[in-house]
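Participant: One structure, as structure tokens, below. Some questions next.
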Amino acid sequence: MTKQLTGPGLASRADFGVLADLWARSFDDSERYIRNFQSLLAEPENTVVYREKGQVVSCAYLLPAVLHIGDNTYNAYYFYAAATDPDYRRRGYMEQVIRYSRTLCEERDIDFLILVPAGNDLYQYYSRFGFRANFYLKTTQLDREQLLALVEKLDPAAPESDEGTGLPAPTEMLRVRRESLAGGSYLDFDGKTLQYMLFEHLYCGGKTLLTEDGYVLYDLKEDDGTVTLNVKELCSSDAPEKLLRPLSAIEADRYVLNLPAFDSIRGGKTSTGRAGMDLAVTPRAVKAERTMKNAYIGLTLG
């Protein structure tokens, strides 16, 4: 494939060294972290770049995914790690990357392009290209006493001792996740991507809680003597509230549960906020988007 001297196009494997340098200049990630992503998940045919006189100056990675809306499924790309070299910003190059990504979706019959803005200010930026904020997350904050009270209210019968702290197998994690989210609108990843997400979670110091029917991905952070347990994802093929009991066995001062907006758990201080955006590309996607309500992404990279 002949490389474009100037303009958008696809990367080659030979570009990954330059792309790693571009990533390092744009985000606060280690070289090892970047190389892990490139070697385990990134594919040149799904990496969009913009070249200025042959030099890669802007890029984004497209990760295959499936968007579930009720009982229907739609092909999607998760638009990830979009970055422009600091010396080449404000020239419209990222706009070219976005538009080229949309063209690829049209050519490959991909229904949706989906992303998670890195900050609230970027929601307005992406809306310029037709993206809509259709993904939401419910965040529930509880102190330890509130969590223990919620456990007794929702799951008063102590379960058999089947909980553990092992690692969920990616295939089981995929099954549990789909059973837990069935019936709602949510973004689904294949086994390879989900396995990498679990790897990244652990690599960045995250922890897991595993039971027979579910899992919790979380991290623990201490700030000024206050320990906060932050749940990244909580999924159960049985009843989500049953995961709260083993979670309450982990000592913390504050518990932050990030849950689907349609989740049944109620309690504590709860708020719902934007968590992602989608761009409907195909006609069937445009029609389906009208039926989306409080769609869930949950697991993300970065």
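Participant: Looking only at residues in region 222-241 that are within 13 Å of Leu210 (Cβ to Cβ) and either among the hydroxyl-bearing types (Ser, Thr, Tyr) or assigned to a helix (DSSP H, G or I) (or both), which one is nearest to the chain's Cα centre (by Cα)?
Facilitator: Applying the filter and picking the extreme gives Ser236.
Participant: Take the conditions aliphatic (A, V, I, L, M), in contact with a Lys or Arg (Cβ under 8 Å, 6 or more places away or on another chain) and at pLDDT 95 or above and apply them to Leu299. Does it pass?
Facilitator: no
Participant: Sticking with this structure for a sec: Here's a check for you: in region 243-260, which residue that is farther than 25 Å from Gly183 by Cα and not charged (D, E, K, R) is surrounded by the fewest Cβ atoms within 10 Å (Cβ to Cβ)?
Facilitator: Ala249
Participant: Right, something else. From Glu106, Glu95, Glu43, Glu52, which residue is acidic (Asp, Glu), at negative phi and surrounded by fewer than 14 Cβ atoms within 10 Å (Cβ to Cβ)?
Facilitator: Step by step, each of Glu106, Glu95, Glu43, Glu52 is checked, and only Glu106 is acidic (Asp, Glu), at negative phi and surrounded by fewer than 14 Cβ atoms within 10 Å (Cβ to Cβ).
Participant: Here is a list: Asp263, Asp219, Asp238, Asp223. Which entry is farther than 17 Å from Leu148 by Cβ, surrounded by fewer than 20 Cβ atoms within 10 Å (Cβ to Cβ), outside the structural domain of Asn36 (by TED's automatic domain parsing) and at pLDDT below 90? Talk me through it step by step, then tell me what you get.
Facilitator: Working: Asp263 fails: surrounded by fewer than 20 Cβ atoms within 10 Å (Cβ to Cβ); Asp219 fails: at pLDDT below 90; Asp223 fails: at pLDDT below 90.
Being farther than 17 Å from Leu148 by Cβ, surrounded by fewer than 20 Cβ atoms within 10 Å (Cβ to Cβ), outside the structural domain of Asn36 (by TED's automatic domain parsing) and at pLDDT below 90 holds for just one of Asp263, Asp219, Asp238, Asp223, which is Asp238.
Participant: Still on this model: Going through region 183-221 one residue at a time, which ones are of a type in the set (A, V, I, L, M) and more than 14 Å from the chain's Cα centre (by Cα)?
Facilitator: If the condition is that a residue be of a type in the set (A, V, I, L, M) and more than 14 Å from the chain's Cα centre (by Cα), then Leu202, Leu209, Leu210, Val216, Leu220 are the ones that fit.
Participant: Starting from residues that are out of contact with any helix residue (DSSP H, G or I) (no Cβ under 6 Å at 6 or more places or on another chain) and of a type in the set (D, E, K, R), keep the ones in region 226-250 and report whichever is farthest from Ile297 (Cα to Cα).
Facilitator: Out of the qualifying residues, it is Lys242.
Participant: Check every one of the strands (runs of 3 or more DSSP E) wholly within region 1-69 and list those with 3 or more residues that are among the small types (Gly, Ala, Ser).
Facilitator: Here the list reads 55-69.
Participant: Which of the residues that make up region 111-162 are over 15 Å from the mean Cα position of the chain (by Cα), in a loop (DSSP other than H, G, I, E, B), modelled with pLDDT of 90 or more and surrounded by 16 or more Cβ atoms within 10 Å (Cβ to Cβ)?
Facilitator: Asp111, Phe131
The values are calculated or read from the model by the stated rules, or taken from the named source; none is laboratory data. As the structure is a prediction and not an experimental result, all values here were calculated from the model. Quick reminder, even Gly has a Cβ in these numbers, built from the backbone with ideal geometry, and neighbours come from all protein chains shown.
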